[in-house]
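Student: Got a structure for you, questions after.
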Amino acid sequence: MFPGPIYQMDIKNNIQKLQTELESKGCILVAVSKTHPPELILEAYTSGHKVFGENKVQELVSKYEALPKDIEWHLIGHLQRNKVKYIAPFVTLIHAIDSVKLLEEVNKQGAKINRVIHCLLQVHIAQEETKFGFDPAEVLKIIRTGGIGSMPYVKIKGLMAMATLTDKTDIIASEFKSVQELITTLRKEKLPTNVEMKELSIGMSSDYKIALDYGSTMVRVGTAIFGERKYD
Ligand SMILES: *Cc1c(COP(=O)(O)O)cnc(C)c1O
């Protein structure tokens with residue numbers, strides 16, 4: 001017989017503590033449930049949490065099908081154009097729009113089912129080459145002249161970004177600062193009617209406290225709620 005896990009994550013308690021910390025800053029919690037089974041998501045759900053994030057379309061769809069229908073599902077990971085159709089009917093927010101072509105596809109799929117789909121533009125702020133997203137200058141250009149105003153089935157709610165994976169907090173802070181400056185600039189502009197720069201999705205388990213100092217309105221936290229992920 002195994003003695004069972006020595007250390008069990010207390011999901012409800014973790015969520016509650018985070019909620020308290022975020023609430024006073026006007027920030028919402030997206031509980032990142034990727035790789036975790038529906039039973040663990042239900043544990044969070046029954047404690048009253050309704051907002052979950054997944055990074056893969058297939059996993060998102062199967063969890064959507066298996067779990068209560070009042071859950072708000074956010075797609076936080078990279079999205080391929082040919083997969084937009086699977087999530088268009090139910091997704092609450094797509095965080096990682098990283099090309100105009102992808103946005104056009106979201107608009108097309110929204111039109112088919114007469115549903116306005118909420119999106120964030122992903123901004124590339126990290127030093128790593130591998131991270132997806134628009135450069136800040138591209139974001140300005142797309143919003144000013146990219147024709148988003150003529151995509152009625154898309155609503156841009158704000159920006160999303162990921163900092164470099166590092167323990168150097170000054171690097172993380174300066175990256176978050178750059179995206180905060182970008183959204184501050186945009187908030188002062190006259191935006192197309194379907195663009196509102198309200199949400200700033202920055203901060204994960206390791207850096208959400210820093211993100212709160214730079215205007216985060218939405219943190220995406222997984223490990224600090226559910227524990228380490230196991231990949232096989
Ligand atoms: C996995 C993931 C997170 C959450 O990461 P944690 O370190 O587990 O909090 C946040 N954002 C994105 C885009 C992710 O893929």
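The values are calculated or read from the model by the stated rules, or taken from the named source; none is laboratory data. Just so it is clear, the structure is predicted and the values come from calculations on it, not from any experiment. Quick reminder, even Gly has a Cβ in these numbers, built from the backbone with ideal geometry, and neighbours come from all protein chains shown.
Student: List pairs: first in the stretch 63-77 and within 19 Å of Leu121 (Cβ to Cβ), second at pLDDT below 95 and of a type in the set (Lys, Arg), Cβ under 6 Å, 6+ apart or cross-chain?
Tutor: Nothing qualifies.
Student: Oh, and also: Can you tell me which of Ile225, Ile210 is crowded, with 22+ Cβ neighbours inside 10 Å and under 24 Å from Glu54 (Cα atoms)?
Tutor: Only one candidate passes the filter, namely Ile225.
Student: Let me ask something else. Out of everything in the stretch 22-72 that is aromatic (Phe, Trp, Tyr) and more than 14 Å from the ligand (Cβ to nearest atom), what residue ends up being farthest from Ile87 (Cα to Cα)?
Tutor: Result: Tyr45.
Student: So, one more: Within the stretch 8-45, how many residues are in contact (Cβ under 8 Å) with a residue 12 or more places away in the chain and of a type in the set (Ser, Thr, Tyr)?
Tutor: Looking only at that region, the number is 3.
Student: So if I check each of Leu93, Leu159, which one is touching a residue at least 12 places away in the same chain (Cβ under 8 Å), in contact with a helix residue (DSSP H, G or I) (Cβ under 7 Å, 6 or more places away or on another chain) and of a type outside the set (S, T, N, Q)?
Tutor: Leu159
Student: Determine whether Glu228 is part of a loop (DSSP other than H, G, I, E, B), within 30 Å of Glu43 (Cβ to Cβ) and free of Cβ contacts under 8 Å to residues at least 12 places away in the same chain.
Tutor: Yes; evaluated as a whole, the condition is true for this residue.
Student: Could you check the stretch 1-90 for helices (runs of 4 or more DSSP H) lying wholly inside it with 2 or more residues that are more than 17 Å from His118 (Cβ to Cβ)?
Tutor: Of the helices (runs of 4 or more DSSP H) lying wholly inside the stretch 1-90, those with at least 2 residues that are more than 17 Å from His118 (Cβ to Cβ) span 11-23, 38-46, 57-66.
Student: Next up: Would it be correct to say that Val219 is at pLDDT 95 or above, within 16 Å of the ligand (Cβ to nearest atom) and in a helix (DSSP H, G or I)?
Tutor: The answer is no for Val219.
Student: Hey, another quick one. Among the residues of the stretch 73-104, which ones are touching a Ser or Thr at 6+ places or on another chain (Cβ under 9 Å) and away from the ligand (no atom under 16 Å from the Cβ)?
Tutor: If the condition is that a residue be touching a Ser or Thr at 6+ places or on another chain (Cβ under 9 Å) and away from the ligand (no atom under 16 Å from the Cβ), then Arg81 is the only one that fits.
Student: While we're here: Just need a number here: residues in the stretch 197-215 that are touching a Phe, Trp or Tyr at 6+ places or on another chain (Cβ under 9 Å) and either within 8 Å of the ligand (Cβ to nearest atom) or more than 16 Å from Leu93 (Cα to Cα) (or both).
Tutor: Residues that pass the stated criteria total 7.
Student: Against the condition of a type outside the set (Phe, Trp, Tyr) and free of Cβ contacts under 8 Å to residues at least 24 places away in the same chain, how does Ser174 come out, does it pass?
Tutor: Here the answer is yes, as Ser174 does meet what is asked.
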